[in-house]
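Inspection log for the structure reproduced underneath, given as structure tokens.
The values are calculated or read from the model by the stated rules, or taken from the named source; none is laboratory data. Note that this is a predicted model, so its numbers are computed, not measured. Don't worry about glycine lacking a Cβ; one is built from the backbone with ideal geometry, like all the others, and counts go over all protein chains shown. Side chains included, ligands, DNA and RNA excluded: accessible areas come from the protein's heavy atoms. Shrake-Rupley method; radii C 1.70, N 1.55, O 1.52, S 1.80 Å.
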Amino acid sequence: MVSRSRVGRVVVSRCLILQKLFRYSRKSMWYVLGLFGCLSLFLVHVAITKKAIEDAVQRAKLLESGKNPIPNLNFNTVKQLNPFEINPLFNKTLRARSKFNITPASTLHVFLQKDYTFMFHPVVMTLKLGAYASSIPYVVRYIPQPQFLKVLETIQNDEEHQGLAAKLVLGEHSPMPHLRDHVSDGDVVVWIGPLAFPWEALSHRKVYLVHAQMEPLGLHGCDFGFILKSAEHVHEMWHYSLRNKRIMETTCKDGISPDVVHRYMPIAYDPFMTKIVQKDASNPGLDSSKITFLGALEFGNRRECWDIIVKTSPNDIKSLYNTRYDLFSAPQLKSFLKRSGGLYLNIHKECLHEQENQSCEGVRFATLLSAKGLVFSQPCSSVDQAEYEGLIDFLDIHRMGHRIQQIINVPVHERQEIADMRARMFKERFDAFRIFTMNGVRTLFAVEHLARNQTIPQWSIV
């Protein structure tokens, strides 16, 4: 872009030349042409200055909204700019890509315990959608024997048996044959979940190891031993919460190597999620009238917060509150969502503690927003809550019931419009391809220059 000062100097110099013409010619035609030329240059200067100001304002708005202020350029004529290139993780990502020889042909291997298949389905979908749209080869594997992982955790924590874990995993009767036979040098291995993973078995390989950490750190800080233990072996940790990421980078940094990369991996919009239709809440006996919390009240002090919400709610809706902790499969969830009226609560496990000590429940949010649900939540840490601004109603538990009453009083078709709008916003803001771009995973796999894969994956619809 031409700078304002440069244009100003050009205008002044041209006008000086025209002034000399005026001095040596008294003819009216030259005088008029000179004035016209000077006026034209001045108008050009004003137009360019105005455009520069408009561009600056637009960039500021894009930065404030979290969008990329750098325009996309045609890759056929010039290298496409990547917004991740201004991220502090950019250089670390390039070094990891070079050290482990990660290329567009490298495979993203996702592992998780089979018992957690449904619980971590939104996490798996985020990685699958991001990899598919980015043209990254990927595979998802479920480990069926949880007892093996418990034994493995005990062995890996025992210095006397170091090396035994690798023999169990890589041996002839390994319960993880895919890890043994199909993971190659240059691949990226991601483990989702809380139990131990056989990092030791891959430590001698040129494989990039990632732990997708899904526990809300809450008040426990660094007390999760398995998190710090995995950090001793992995090259990266992926965090669904910005608060969790910052805790691991600051409060817990003394127990973690500075070489470990912490990457923000929020849970993405799921286009295959069953969509909710907002319903009338006039019949308390039907699921369609319920205001539902999808979780167990027995964890932490949720029961106490639940009682406060019910007690402080208007009498008209006190009988509508409901909890469900029996949806443990995709068909069960699909059936429930179809019957649901579309109003949901979110209560933290340690719900009586301060807002800044709470990480947002990104997995629950992603599921309900993808399904076009309306969610009423306790406030989260400010860095997390800002990510969901305009998508969730964040309220103190003493005010939650009155806000829900206001929404219930809104005509059903208008309530549906609100749910549709929030789902569209969530889809745009938490698009998996955008996440992989902004957090640098596409750069890690050296596919940042490739256009988005626009074809539709043939997956089962939840």
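Numbers at a glance
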| item | result |
| --- | --- |
| By average C-beta atoms within 10 angstrom, highest first, the peptides 365-373, 201-209 | 365-373, 201-209 |
| Residue-normalised accessible area of segment 297-351, expressed per residue, 1.4 Å probe, Å² | 48 Å² |
| By average C-beta atoms within 10 angstrom, highest first, the peptides 396-403, 129-136 | 129-136, 396-403 |
| Cα-Cα pairs of segment 352-462 separated by more than 18 Å (percent) | 62 percent |
| Sequence-distant residues sharing a close amide H with Q113 (under 5 Å, placed H) | I143 |
| Net +/- balance of residues flanking S135 in space, Cβ distance below 14 Å, scoring K and R +1, D and E -1 | +2 |
| Radius 13 Å from Cβ of Q416, net charge of other residues (Lys, Arg +1; Asp, Glu -1) | +2 |
| Amide H contacts under 5 Å for V261, placed H, 5+ residues apart | E236, M237 |
| Segment 399-410 - phi-based ³J(HN,Hα) in whole Hz, Karplus 6.51/-1.76/1.60, Gly and Pro as x | 9, 4, x, 5, 5, 4, 4, 4, 5, 4, 6, 6 |
| Proximal charge balance of H353 [Cβ under 14 Å; K/R count +1, D/E count -1] | -2 |
| Per-peptide average of other Cβ atoms within 10 Å, ordering 447-457, 266-276 highest first | 266-276, 447-457 |
| Inter-centroid distance (Cα atoms) of segment 378-423 relative to segment 114-130, Å | 26 Å |
| Estimated D of segment 234-277 in µm² per second, where Rh is the Kirkwood radius over Cα pairs and Stokes-Einstein applies at 37 °C, 0.692 mPa s | 270 µm²/s |
| 26 Å Cα-Cα threshold exceeded, pairs from K128/K253; K245/K318; K338/K427; K279/K349 | K128/K253; K245/K318; K279/K349 |
| Candidates per GluC sites (Glu not before Pro) in segment 382-431, loop by DSSP, up to 13 other Cβ within 10 Å | E389 |
| Nonlocal amide H pairs with T323, under 5 Å, H built at 1.01 Å | F293 |
